[in-house]
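Contents: one structure, followed by commentary.
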Amino acid sequence: MRCRSRPGSLSSWSSASALSHDETSALEYLALGEPVGVALLEELASPDVVASLERKGLLEAREDGRRFEAWLAHPFHGEVLRGRVTALRLRRVMLDLVEAVDRCGARRRGDLLRMATWRLDAGAPTDPDLLLQAARQSLRAFDYDAAARFAEAAWAKQPSWETGATCGLALSLLCRNEDADEMLAETEALAVTDDERAAVSVARAEVLFFSRHREADARDVLDAALAAVAEPDPRAELIAYRASIDVSVGRLRQAIDEVAPYLEGSSPRPLVAAAIVAVPALFCDGYTTMARELAGRARQMHATIWKRGLFYQPPEIHLYNLALTLIEEGRIAEAHALASERFERCDEAGRLRGAAWYRVVLGRACLAQGRVATAAAHLRVADELMRALGYDAHRRMTLGHLVTALALAGDLAGARDAQAVCDEVSPLLRIYDPFVVEGRAWLAAAEAGSGTHEPSSTVAPTTLPPSGRAASPPTCYTPWPGSASRPATLGRLHDLASTREAPPIAARLAHVRPLAAGDAEALEAATDGFERTGALLVAAEACADASRAWRRAGHARRGTAAANRAHLLADRCDGARTPALAALDAATPLTEREREIALLAARGGTSRAIADQLYLSERTVENHLQRIYTKLGARGRSELHALLGVGAAQARDRGAGGDAE
């Protein structure tokens, strides 16, 4: 959009007292209806009046695509004008605007919403169909207040199943859950066809289960609808939503089996409904490739049905699920990039719900990377948004992750406070149980201190998560607070790896198996694998395990080198501390200058090149390198790259930063 006139100022308002009646009327149209198309304003006033207001600096024209729109030159002008317009004049202006837009055919994007708003503001008779269309458009634009206003007005004029379903959805999104349930219960009696019964029953079950935490009542609504619905597609939607409840309470395998017949079909609504259930169930159960491919296919289909009619979830749900799937696949950086981009869009558009969910993904991604302080910051904001939006049951997820992040960061007071809040949240969504269990375990480990825990990288629960939940970022890409080398844990991982495709399971098994066998070289290979995925804290712990294995095998120099690499990896994790890292022999730290030189040398820089870059003498660089070799257990420059465990690009970036160790 480009501005085609000089910007207005408050000083230009001094000429307002000399305005003609027609000029004042034109400004009132803008104050109450801006932006107004220039052509439309010229019809309501006249081209001469519009040109005069532009010359006086009271109006500016902005180019929007192929049309020019008129705006007041300063917000203050609108405040003054709206403050002195009488009720009858306001009504007349609104009706003039409606009639003018209607004469033009209401073809512009947003015309329908503006006409509905102006008619309601004027108290004029309004077609219920216009109000319903406005409510549906507002829902697609995530303007839930406007959607509820339009839908309630449409319902008051002409109750129908579609109006009631739309109104119930809008009310539930505003956390007016009792009103939504009452509206949808009344709407059930108006539903006649199978499609109508399915749509209303799914909407009501959504409110009953997720908002009012009445699982049994939600299932009763769905079962009653299934008893009355015979058509295949509406039945598929009802079955898929019932399966979504199964996923939420942790029955993953049952849910996947229920929706599997609809995942290969061509009917859009059943496939989309089934995918909303299947994608999280699949990635939680370890089938990440299937989940990722299904999320992409469902999103394309969802976009088509979203344009034609409402659905109980927007297409954005598939991008959220895709980001979580990428974390499960070990593609953590991709997940973080996707969530960052979507979060920025939601934040700029004022879409708090989307912003809250993507904050959760960012927190989980940072936790998987080992950036525990950054993860905690994201999760704190996500939890506040969840609380404000009324998503109480979902707070078990954010709080469980938050407890883990704070405990790993050493903030015991914060972790205890978050755990206390988590204990008060409804346990309805049992799919989040692994996150809560993990948070409690890490809090206990942090409180007890490293002396009560085996010096291994893992907080392995006695068993891995039940109910088919095979993998999750907290399980496979964050440390476990106990011993992972127990036979039961090792056996469970073997079983999962033999039946699941999730890379995190294979990566964890590549760590746990050599940990049990004391295979130092394999532990270093596991370190490399974790570091490639960006899971730096688990990489640091695997490297710490390698250090101990080397020392037990009598290779003190390699043990020292592994310990130093473990500290370097841990240093990139926001100060995270775990029992495995605390149990390391204290490594002699590199000074800031030594680290800078070591990283430049690891990159391949010669002593002369390093000296020139850092304004040192070549002899000084050589002396520093000798001390570095002694501290890191290196025999020469050729071993620095492997011992520091960073690539050339990383070495360059970190060398420039010169962080002290």
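Quick look at the numbers
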read-out	value
Carbon + sulfur, % of accessible area of segment 105-156 - ligands and nucleic acids excluded, 1.4 Å	46 percent
Burial ranking of peptide ranges 412-419, 113-120 (average Cβ count within 10 Å, highest at the top)	113-120, 412-419
Per residue accessible area of segment 173-266, 1.4 Å probe, in Å²	43 Å²
Segments 292-303, 72-83 sorted - mean Cβ within 10 Å per residue, highest first	292-303, 72-83
Simple label model, 7 Å out from Cα along Cβ direction - A337 to A228, nm	5.0 nm
Probe 1.4 Å, protein heavy atoms only - accessible area per residue of segment 94-156 in square angstrom	45 Å²
Accessible area of segment 187-293 belonging to carbon and sulfur atoms, whole % at 1.4 Å probe	51 percent
Theoretical FRET efficiency, 1/(1+(r/R0)^6), r = Cβ-Cβ of Q254 and T591, R0 56 Å, to 0.05	0.45
Segment 226-379: mean projected area of Cα convex hull, nm²	9.6 nm²
Highest-first arrangement of 592-605, 29-42, 56-69, where packing means the average Cβ count within 10 Å	592-605, 29-42, 56-69
P(r) of segment 159-268 over all Cα-Cα pairs, binned every 10 Å from zero, in whole percent	16, 45, 33, 6, 0
Nearest-0.05 FRET efficiency for A216 and A388, computed from C-beta distance (R0 25 Å)	0.35
Long-range tail of P(r) for segment 145-193 (Cα pairs > 18 Å, %)	18 percent
Rounded, prolate or oblate (a/c below 1.5 giving rounded, otherwise prolate when a/b exceeds b/c) for segment 61-195 by Cα gyration tensor	prolate
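The values are calculated or read from the model by the stated rules, or taken from the named source; none is laboratory data. Bear in mind that the values here come from a model prediction, so they are computed numbers and not experimental data. Glycine gets a Cβ as well: all are built from the backbone with ideal geometry, and neighbour counts include every protein chain shown. Protein only, heavy atoms only, side chains kept; ligands, DNA and RNA dropped before computing areas. Shrake-Rupley method; radii C 1.70, N 1.55, O 1.52, S 1.80 Å.
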